[in-house]
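Input: a single structure, listed below in structure tokens.
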Amino acid sequence: MVDVQNLKIGYRGKSGPIFLSEIHDFNLQPGSLTALVGPNGIGKSTLLQTLSGSIDPLAGTLTMRGLVLSQMTPHQRSRQLSLVLTKSQHSQQLMVEEFVSLGRLPYANWVGALQQEDKSMILKALEATDLISLRYKKCGDISDGEMQRVAIARALAQDTPIILLDEPTTHLDLHHKALVLKLLKDLATIHQKVVLYATHDIELALDIVDKILLMTTKSGQLMTPNQLIEEKHLDHLFPKEHVYFDPKTKRFSMKD
Amino acid sequence: MLQGLKYKFILLPFLVLPLVMVLSLSLGSVYIPFGSVIKILLGLGTDDLTWSYIIHDYRLPKTITSILAGGGLAISGLLMQTLFRNPLAGPYVLGISSGASLGVAIVVLGSSAIGGVFGQALSTPWGLVIASGLGSFSVLLAVVSASLKIKDTMTLLIIGLMFGSLSGALVGVLSYFSSAEKLQQFVFWSFGSLGSLSWSSVALLSICSVLGLTIAVGSIKSMNALLLGPNYAESMGVSLKKTTFKLVLATSILAGSITAFTGPIAFVGLAVPHIVRQLNRTADHRIMLPTVFLWGSIILLCCDAIAQVPFHSTTLPINAITSLVGAPVVIWLLWRKKNIMF
């Protein structure tokens with residue numbers, strides 16, 4: 001569904017393009033949950049932005065459901081992929097239900113009026129994320145964890161085959177991290193979506209995801225969690241002086 | 001999405017506006033009995049031709065000006081607050097009033113320097129309107145062209161503020177070098193006035209208002225998307241550049257034309273959207289746009305009624321009254337809510 005070939009990502013600075021990373025090829029299939037992992041500053045956010053079409057790749061091709069991303073209009077894109085962001089600068093005055101409802105805008109008429117179909121979609125999204133009891137609360141009055149679920153519900157309401165999430169589990173406690181990840185897993189398996197999320201919680205990702213897209217200084221590679229462990233990729237992920245990866249427990253530990 | 005409870009606050013301004021309109025038409029430095037006001041308005045004739053003249057050629061244009069100016073300024077405030085995601089933004093953050101002031105200052109304070117017939121012609125009332133219009137328009141043109149290049153709204157906000165202080169400084173320099181008489185004329189303009197418009201000016205103001213409001217109505221969907229923040233808005237097919245341009249353009253047309261005709265009127269643009277947001281309990285622009293317009297009209301009509309000093313021949317400067325009435329209201333709102341949320 002999402003196909004990437006010879007992708008070079010980066011951004012365009014004043015003195016020419018600044019190259020961050022390259023990914024030879026990968027494709028993401030419906031029903032799969034994929035984690036995007038890599039150290040800070042390696043270009044995870046840039047990759048997500050490139051995949052969402054808000055910045056252009058430096059080189060390479062990117063297709064979604066057979067359509068070339070750069071040739072899609074913003075409106076077409078809005079029906080193919082939805083975003084979940086950690087920092088969204090949204091209005092604190094919005095009610096939870098309004099926030100989720102705005103996910104239906106790509107389907108609404110010129111003033112944004114909602115049809116019955118939209119309303120049932122919104123209700124489903126609220127139910128799936130367990131937000132019914134919070135629907136009339138203002139976004140400024142709920143906790144970070146709840147807001148994270150609201151953001152996911154909004155993407156659900158947008159009803160796109162592809163969902164990209166930028167660090168959806170940061171700022172959450174372990175319980176809520178697990179909750180969000182289970183929700184993402186359900187989205188992938190039950191709703192047959194492509195779900196790609198960037199994360200620093202590698203250990204949790206190893207437990208739940210189907211694929212891991214590992215980004216290192218050289219390139220990005222898509223593999224299964226087991227492959228990742230067996231081929232000892234995680235040993236080289238961070239400099240060796242402070243942490244090491246234990247393949248038996250599948251956990252990182254600190255060196256003495 | 002809407003519970004029954006919310007509707008009453010949405011319908012309220014539709015009921016209040018006609019009442020305030022009639023009140024505004026009945027008040028003025030000449031006392032006209034309420035019954036006669038209604039009769040004249042309905043075209044039933046009256047015994048006193050002076051009354052009919054006052055109503056038709058003085059109070060009616062003034063009431064319509066107040067409705068357009070109050071509503072228009074409030075709408076431009078709403079557009080700016082949505083665009084900049086900042087409850088403190090108003091039509092004047094983009095330097096509109098400073099631009100207008102600069103235009104008027106050049107004409108009024110500089111006309112002695114130009115001198116002769118040309119200088120005389122410029123300081124007529126129409127000269128003032130044109131000068132303030134040109135002043136606000138050129139500042140806004142600068143901001144609009146900046147908005148085409150700059151994506152970040154915070155940067156744009158600061159550029160608007162800088163243009164504002166730049167023209168403010170130029171006004172200061174001009175004031176320093178001008179005569180006391182000229183300075184007085186300038187100060188009177190800066191008090192603001194709703195009552196000096198002829199029917200032809202009202203017609204021109206109406207055309208500008210309709211134009212600005214049409215752009216605003218056409219941007220409802222994009223503005224609702226912007227409530228989610230710029231990144232989400234973009235991911236939902238909204239072009240940030242186009243939307244920024246449209247919103248700045250609508251604000252320029254509305255606030256620019258209003259300031260040109262009435263002089264600077266403070267507070268309405270900043271505070272009305274904020275008050276209405278609390279009242280409506282929603283930020284949805286489909287509801288905000290009509291209610292903000294109506295409440296803006298109502299509040300300016302009320303301020304004007306106060307400025308008239310009922311049953312007295314004095315008229316206070318409208319620019320001072322709007323702040324005098326409005327600022328405590330906003331302080332009270334914030335006091336109660338403890339925080340300001342956008």
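Regarding the stretch A:18-40, can at least one residue be identified that is farther than 19 Å from A:D166 by Cα and either free of Cβ contacts under 8 Å to residues at least 12 places away in the same chain or in contact with a Cys (Cβ under 8 Å, 6 or more places away or on another chain) (or both)?
yes
Surrounded by fewer than 17 Cβ atoms within 10 Å (Cβ to Cβ) and either aromatic (F, W, Y) or touching a helix residue (DSSP H, G or I) at 6+ places or on another chain (Cβ under 6 Å) (or both): does that describe A:G60? Walk me through it before giving the result.
Working: surrounded by fewer than 17 Cβ atoms within 10 Å (Cβ to Cβ): yes; either aromatic (F, W, Y) or touching a helix residue (DSSP H, G or I) at 6+ places or on another chain (Cβ under 6 Å) (or both): no.
Judged against the criteria, A:G60 is not a match.
Determine the pairs where a residue that is farther than 12 Å from A:L183 by Cβ and without any contact (Cβ under 8 Å) to a residue 12 or more places away in the chain, located within the stretch A:136-158, has a partner that is part of a helix (DSSP H, G or I) and among the hydrophobic types (A, V, I, L, M, F, W, C) with Cβ atoms under 7 Å apart, the partner being 6 or more residues away or on another chain.
Once the first residue is farther than 12 Å from A:L183 by Cβ and without any contact (Cβ under 8 Å) to a residue 12 or more places away in the chain and sits in the stretch A:136-158, its partners that are part of a helix (DSSP H, G or I) and among the hydrophobic types (A, V, I, L, M, F, W, C) give A:M147/A:C139.
So in the stretch B:21-66, with the set limited to residues that are acidic (D, E) and over 28 Å from B:I265 (Cα atoms), which one is surrounded by the fewest Cβ atoms within 10 Å (Cβ to Cβ)? Show your work before the answer.
Keep residues of the stretch B:21-66 that are acidic (D, E), which gives B:47-48, B:57.
So of that shortlist, the ones also over 28 Å from B:I265 (Cα atoms) come out as B:47-48.
On the way: B:D47: 8, B:D48: 12.
Looking at the filtered set, the residue picked out is B:D47.
So, of the residues in the stretch A:18-43 that are loosely packed, with under 14 Cβ neighbours inside 10 Å and farther than 14 Å from A:L62 by Cβ, which turns out to be nearest to the chain's Cα centre (by Cα)?
Looking at the filtered set, the residue picked out is A:Q29.
Considering each of B:S200, B:S209, B:S175 in turn, give the residue that is crowded, with 17+ Cβ neighbours inside 10 Å and either in contact with a Phe, Trp or Tyr (Cβ under 7 Å, 6 or more places away or on another chain) or not in a loop (DSSP other than H, G, I, E, B) (or both). Explain how you work it out, then say what you get.
Numbers: B:S200 fails: crowded, with 17+ Cβ neighbours inside 10 Å; B:S175 fails: crowded, with 17+ Cβ neighbours inside 10 Å.
None of the others qualify; the one that does is B:S209.
Look at the stretch A:95-135 and say how many of its residues are more than 22 Å from B:M223 (Cβ to Cβ) and touching a residue at least 40 places away in the same chain (Cβ under 8 Å).
3
Do you know which residues across the stretch B:88-132 are modelled with pLDDT under 75 and either charged (D, E, K, R) or closer than 30 Å to B:T153 by Cβ (or both)?
B:L88, B:Y92, B:V93, B:L94
Confirm whether A:D173 is among the acidic types (D, E), surrounded by fewer than 24 Cβ atoms within 10 Å (Cβ to Cβ) and within 14 Å of chain B (Cβ to nearest Cβ). Write out each step before concluding.
On the way: among the acidic types (D, E): yes; surrounded by fewer than 24 Cβ atoms within 10 Å (Cβ to Cβ): yes; within 14 Å of chain B (Cβ to nearest Cβ): no.
The answer is no for A:D173.
Where residues in the stretch B:185-197 are surrounded by 16 or more Cβ atoms within 10 Å (Cβ to Cβ) and not polar (S, T, N, Q), which of them is nearest to B:W126 (Cα to Cα)?
First, pick out the residues of the stretch B:185-197 that are surrounded by 16 or more Cβ atoms within 10 Å (Cβ to Cβ): B:185-186, B:189-197.
Within this subset, residues satisfying the condition of being not polar (S, T, N, Q) are B:186, B:189, B:191-192, B:194-195, B:197.
Details: B:F186: 14, B:W189: 13, B:F191: 17, B:G192: 15, B:L194: 15, B:G195: 14, B:L197: 10 Å.
Among those that are surrounded by 16 or more Cβ atoms within 10 Å (Cβ to Cβ) and not polar (S, T, N, Q), it is B:L197.
Just checking, which of A:R65, A:R77 is more than 14 Å from the chain's Cα centre (by Cα), surrounded by 22 or more Cβ atoms within 10 Å (Cβ to Cβ) and among the basic types (K, R)?
A:R77
So is A:T169 touching an Asp or Glu at 6+ places or on another chain (Cβ under 9 Å), assigned to a loop (DSSP other than H, G, I, E, B) and farther than 30 Å from B:N280 by Cβ or not?
Working: touching an Asp or Glu at 6+ places or on another chain (Cβ under 9 Å): yes; assigned to a loop (DSSP other than H, G, I, E, B): yes; farther than 30 Å from B:N280 by Cβ: yes.
Against the criterion (touching an Asp or Glu at 6+ places or on another chain (Cβ under 9 Å), assigned to a loop (DSSP other than H, G, I, E, B) and farther than 30 Å from B:N280 by Cβ), A:T169 qualifies.
Output yes when any residue across the stretch B:301-314 is surrounded by 24 or more Cβ atoms within 10 Å (Cβ to Cβ), within 14 Å of chain A (Cβ to nearest Cβ) and in contact with a Ser or Thr (Cβ under 9 Å, 6 or more places away or on another chain), and no when none is.
no
Can you tell me which condition A:T189 does not meet? The list is (1) at pLDDT 90 or above; (2) touching a helix residue (DSSP H, G or I) at 6+ places or on another chain (Cβ under 9 Å); (3) surrounded by fewer than 17 Cβ atoms within 10 Å (Cβ to Cβ); (4) more than 26 Å from A:H90 (Cα to Cα), and all the others hold.
Single failed check for A:T189: (2).
Among the residues of the stretch A:138-159, write down those that are within 14 Å of another protein chain (Cβ to nearest Cβ), in a helix (DSSP H, G or I) and surrounded by fewer than 21 Cβ atoms within 10 Å (Cβ to Cβ).
A:G140, A:D141, A:M147
Give B:A260, B:A169 a once-over and let me know the one that is among the hydrophobic types (A, V, I, L, M, F, W, C), part of a helix (DSSP H, G or I) and more than 30 Å from B:I299 (Cα to Cα). Write out each step before concluding.
Details: B:A260 fails: more than 30 Å from B:I299 (Cα to Cα).
Testing whether each residue is among the hydrophobic types (A, V, I, L, M, F, W, C), part of a helix (DSSP H, G or I) and more than 30 Å from B:I299 (Cα to Cα) leaves just B:A169.
Filter the stretch B:194-220 down to the residues that are without any contact (Cβ under 8 Å) to a residue 40 or more places away in the chain and in contact with a Lys or Arg (Cβ under 9 Å, 6 or more places away or on another chain), then identify the one that is nearest to B:Y232 (Cα to Cα). So that I can check it myself, show each step before the final result.
We begin by selecting, within the stretch B:194-220, every residue without any contact (Cβ under 8 Å) to a residue 40 or more places away in the chain; these are B:200, B:203, B:207, B:210, B:214-215, B:218.
If we keep only those that are in contact with a Lys or Arg (Cβ under 9 Å, 6 or more places away or on another chain) too, we end up with B:215, B:218.
Values: B:I215: 22, B:G218: 20 Å.
My answer is B:G218.
For B:I275, state whether it is crowded, with 23+ Cβ neighbours inside 10 Å, over 28 Å from A:Q148 (Cβ atoms) and either in contact with a Leu (Cβ under 9 Å, 6 or more places away or on another chain) or more than 9 Å from chain A (Cβ to nearest Cβ) (or both). Even if it seems obvious, please write down each step before you answer.
Values: crowded, with 23+ Cβ neighbours inside 10 Å: no; over 28 Å from A:Q148 (Cβ atoms): yes; either in contact with a Leu (Cβ under 9 Å, 6 or more places away or on another chain) or more than 9 Å from chain A (Cβ to nearest Cβ) (or both): yes.
Judged against the criteria, B:I275 is not a match.
Can you find a residue in the stretch A:52-59 that is at pLDDT below 90, over 30 Å from A:T170 (Cα atoms) and in contact with a strand residue (DSSP E or B) (Cβ under 8 Å, 6 or more places away or on another chain)?
Scanning the stretch A:52-59 turns up at least one residue that is at pLDDT below 90, over 30 Å from A:T170 (Cα atoms) and in contact with a strand residue (DSSP E or B) (Cβ under 8 Å, 6 or more places away or on another chain).
Just checking, which of B:I150, B:I158, B:I207 is β-branched (V, I, T) and either within 30 Å of B:I67 (Cβ to Cβ) or in contact with a Ser or Thr (Cβ under 8 Å, 6 or more places away or on another chain) (or both)? First the steps, then the outcome.
Details: B:I150 fails: either within 30 Å of B:I67 (Cβ to Cβ) or in contact with a Ser or Thr (Cβ under 8 Å, 6 or more places away or on another chain) (or both); B:I158 fails: either within 30 Å of B:I67 (Cβ to Cβ) or in contact with a Ser or Thr (Cβ under 8 Å, 6 or more places away or on another chain) (or both).
Being β-branched (V, I, T) and either within 30 Å of B:I67 (Cβ to Cβ) or in contact with a Ser or Thr (Cβ under 8 Å, 6 or more places away or on another chain) (or both) holds for just one of B:I150, B:I158, B:I207, which is B:I207.
Quickly run through the stretch B:212-229 and pick out the residues that are within 10 Å of chain A (Cβ to nearest Cβ) and surrounded by fewer than 21 Cβ atoms within 10 Å (Cβ to Cβ).
B:V217, B:G218, B:I220, B:G229
Evaluate the following for B:T291: is it surrounded by 24 or more Cβ atoms within 10 Å (Cβ to Cβ), among the polar types (S, T, N, Q) and assigned to a helix (DSSP H, G or I)?
Numbers: surrounded by 24 or more Cβ atoms within 10 Å (Cβ to Cβ): yes; among the polar types (S, T, N, Q): yes; assigned to a helix (DSSP H, G or I): yes.
Considered against the rule, which asks whether it is surrounded by 24 or more Cβ atoms within 10 Å (Cβ to Cβ), among the polar types (S, T, N, Q) and assigned to a helix (DSSP H, G or I), B:T291 comes out as yes.
The values are calculated or read from the model by the stated rules, or taken from the named source; none is laboratory data. Since we're looking at a predicted model, the values are computed, not measured. Cβ sites come from the backbone with ideal geometry, for glycine too, and all protein chains shown count toward neighbours.
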